[in-house]
Each structure stands twice: as C-alpha cells, then as structure tokens.
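Please treat every number below as a calculation from the coordinates, not as lab data. Owing to the predicted nature of the structure, the values given are computational and were not obtained by experimental measurement. So basically every Cβ, Gly included, is an ideal-geometry build from the backbone, and we count neighbours across all protein chains shown.
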Amino acid sequence: MNKHIIGIDFGTSNTLIWINNSDAVIFNEPTILAWNNSKKRVEEIGYLAHKLIGKSPKDLALIHPVVNGGVADIEAAVAYFHQAFTNLKATKYLKNSNIIFAAPSNLTKVQKDALERVGQLLGAKAIFIEDSAKLAAIGSGIDVFSTRGNMIVDIGGASTDIAAIALGQIVATHTTNYAGDSVNEAIVRFIRTSHHLVIGVKTAEYIKMKIGTLLENPDNNLLEISGKNVLTGLPHSIVISTEEIKDVILKIYKEISNVIIDALEVCPPEISSDIIHTGITLSGGGCLLNGTREFFQRELSVPIHISPYPLGSAIQGIISSASSIIA
C-alpha cells in the first residue's frame, strides 16, 4: 500500500494540515485544545477551544501544545492531532504515513526529538522536519534554487524567522521572539498601565487588527473596549485611539527590523547585493498589520513584497515540494 504524505505546519498560534490526496489545506485552526480534567478527554480543539479563552469552567483546562515554536506537551499534541483527524474523518491516513513538519530553524535537538516523537505516536513511518522559513519562501513563489539571493521574513505568532536563501540552501538565518504575540502582550501592558484596565490577549488582538497601524500618518480611529478596572475590580469600558497604540506596536516591529538588519549583515556581499534588487518577502500573520510593507521599506530601503499566502506560505511550500522532500 502506498504511504500517504501528510504536511503539517504545527505553529504556536495556528495549525495547518494537508494530505496528498487533497487539492488544498484541509485543516487550519488555532493550536489549542480544551481538556476535561474530570473525564480525562479532549472536549474541543481549534476554534471552538479558542472561544473558551478567559471563559472556561473549572474542570476544563485550555492547553497550548506548542510554545515558542516547539512542542511543549507531547501528550497534548498527539491528542490534538487525533481529534483533528477524527473531525476530518481522516484517521486512516495516519498509519504508515510520511509526515512532513514545518518547524522554526532555531529548534533545539530536544524540541526536534519531541516533534519526531509526536509523528511516531501518530503512526507515521517516516518523519521529515523542514525549515519553515525555506518552506515559506517556496510557498510564496520564490525560486529558492536560483543563483540570485532572496530573503524571506516569516512573522508568526511566537517568533519571526528570517532566512536568506540561494541555490536551494539557507545562507543566513536569524530567529527572534518578537512577533505577533509580542504585540498583543505589549498592548495588554499598555492598557493596564495607561488606563488601569485589565484586558485579555484576545481583546489585544482585536485592538491590533481594528486600529493598529505602522503607517507614518494614519487616520486616528477610535475603538471602545471593555475589561476590568484595576482600582475597583469592576467591569469598565474605555475608548482608545490609533495614535495611542501606534508607538506600542512600532517598538516591536523596530526590534524585528533590527534582527533583519543583523541577518543582512552576516550575508555574503553578493547575496546582499541580490536582495537590493529581489527585495524581501514577508509572510505570516504579522505581515497583515496595516502599513507593514511601507514600514519595512522605510526601515530597510529595499523592495518589500507580501506573500500571496501570508497565513499559509509554509504549508504551501510543503505542498509544492513534498515529493522532493520524501524522495
């Protein structure tokens, strides 16, 4: 029997799954599961579990199987995938399969071993762990085997992966923990210190997407948000503006820009010269923030392109190169 090929982008924020008998990604949901402590079973995963953040009852534990790009809980990771494939009615494809994982370049050997163990417990016979930045470049339509150098910046939830690629090889790579989650956490801190209001990360994400921007002269939009007053402990609402949170977001993206500069500095001169012409391609959810392309063009003085699949470039890279990876 032919082995099925399963591609998995097991991210801190979202997980995407592809099987080689399908034409497209068949699963794309948050990487979180709700575990029932009293019944010792998975209640929900993905979007349904994500809706329970900040609202879950006592007997439900919300577990994030992936932390900072690495598997933090093998048992929870396996339970997450078993439930995902059960929901998809695709458990039969797991046994004796080839599983290709997209993973950040900075994973330690222990973290890679944990990811491989997850694949083994799912029933895979062959497990391949590929660099997510390189896969994102392939999925974004970059000719990674060209003699001309290219750079990909994948701004994910927990980390930002940066890679310069030429002739199919990564020439220089940097990873930073400044990413989408960093922005959310910074907004939570800012709202607490400036307005004495406690909000959750889901509200911070909402603020970022609704009125967040990196444009130099943005419209000053207003947004009403609710939370708990630090001083009284009572529910409270305030109105915040784009101008207020712009600097909060800007600080995080300036850190990302600095890491990109560090990566460019260690590139061979010929590769840097190529990147001046080919530019830098952005992928990941973090590139969808209003004004991201304009910000990096100002900071780096090179052409900036947005991936055609910003939220799924790595899995698209697996789809495009699966046969060559397992060959």
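Computed as a quarter of the hull surface, the mean projected area of the alpha carbon convex hull for the range 31-79 stands at 3.3 nm².
Filter the chain for me: DSSP H helices, axial length by Cα at least 27 angstrom, mean Kyte-Doolittle hydropathy not below 0.0. List them by residue number. Qualifying helices: 242-266. Mean silhouette area of the range 142-306, derived from the convex hull of its C-alpha atoms and averaged over all directions, reads 9.3 nm².
Looking at the range 50-112, what % of the alpha carbon pairs are farther apart than 20 Å? Percentage above 20 Å: 43.
Of the peptides 81-87, 151-157, the order by per-residue mean of other Cβ atoms within 10 Å, starting with the highest, comes out as 151-157, 81-87.
For N14, the residues 5 or more places off, or on other chains, whose built amide H falls under 5 Å of its own are T31.
Under 16 Å from a point 7 Å along the Cα-to-Cβ line of I306: which residues of the range 266-283 have their amide N that close? Taking a point 7 Å out along Cα→Cβ of I306, the residues of the range 266-283 whose backbone N falls under 16 Å are 280-283.
When the Gaussian network model of the chain links Cα atoms closer than 10 Å, the mean-square fluctuations of L222, L107, L62 top out at L222.
The length gained by stretching the chain between E294 and I325 to full extension, at 0.36 nm per residue less their Cα-Cα distance, is 7.6 nm. The three principal axes of the Cα atoms in the range 176-239 give end-to-end lengths of 36, 30, 17 Å, sorted in falling order. For the chain, the convex hull drawn through the C-alpha positions has a volume of 135 cubic angstrom per residue. Springs between Cα atoms under 10 Å define the GNM used for the chain, and in it the highest mean-square fluctuation of P269, P104, P303 occurs at P269.
Only Cα pairs under 8 Å and 6+ residues apart enter the sum, and on that basis the relative contact order of the chain stands at 17 percent.
Placing +1 on the Cβ of every Lys and Arg and -1 on the Cβ of every Asp and Glu, with nothing else charged, gives the chain a dipole about its Cα centre of roughly 1220 debye.
Each Lys or Arg adds one and each Asp or Glu subtracts one; over the other residues with Cβ under 13 Å from the Cβ of V67, this totals -2.
Going by Cα centres, the range 95-140 and the range 58-91 are how many Å apart? When both Cα centres are located, 16 Å separates them. Return the single residue from H174, H305, H236 with maximal mean-square fluctuation; model: Gaussian network over the chain, springs between Cα atoms under 10 Å. In this elastic network of the chain, the residue with the biggest mean-square fluctuation among H174, H305, H236 is H236. For the range 12-22, 3J(HN,Hα) computed residue by residue from phi via the Karplus equation (6.51, -1.76, 1.60; θ = phi - 60°) reads 5, 8, 9, 10, 10, 10, 9, 10, 5, 8, 10 Hz, glycine and proline entered as x.
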